[in-house]
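Everything below concerns the one structure shown next.
Bear in mind that the values in this text are calculations on the coordinates, not laboratory data. None of these values were measured; they are calculated from a predicted model. Note that each Cβ is placed from the backbone with ideal geometry, even for glycine, and that neighbours are counted across all protein chains shown.
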Amino acid sequence: MKQNLTLAWIASWFALVGQLVFFIGVALITGEWRYVMWSFVVSMSAGVTGMIYTWQAQKKKNEEKTRSVQ
């Protein structure tokens, strides 16, 4: 199966930063800052997990590429 790691990186960064920025905007509009608190927890858990998985997949792909060149 072909892995699209560029899309995985984009999704991981969106989960880490994009959601937080979106909910900061919601909090600014509504004045309810609990949105930011809960989105921070979810963004960190989803974003960091995605980053670690994508980083490991990228590392594995790079190792396979260097083995095939040698």
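Between the helical axis of 19-30 and the longest alpha-carbon principal axis of the chain there is an angle of about 10 degrees. Ordered from longest to shortest, the equivalent ellipsoid semi-axes for the chain are 35, 10, 7 Å, each the square root of 5 times a Cα gyration tensor eigenvalue. Enter the angle in degrees (range 0 to 90, nearest 10) between the Cα long axis of helix 34-69 and the first principal axis of the Cα atoms of the chain, meaning the one along which they spread out most. It is inclined by approximately 10 degrees. Annotation note: chymotrypsin sites (Phe, Trp or Tyr not before Pro) in segment 25-65 located in DSSP loop regions with a Cβ neighbour count of at most 15 within 10 Å are 33.
The dipole here belongs to the chain: it is taken about the Cα centre, uses +1 on the Cβ of Lys and Arg and -1 on the Cβ of Asp and Glu, and is about 360 debye. With the charge dipole of the chain set up from +1 on Lys and Arg Cβ and -1 on Asp and Glu Cβ about the Cα centre, the Cα lying farthest toward the positive end among the listed residues 9, 27, 48 is that of 9.
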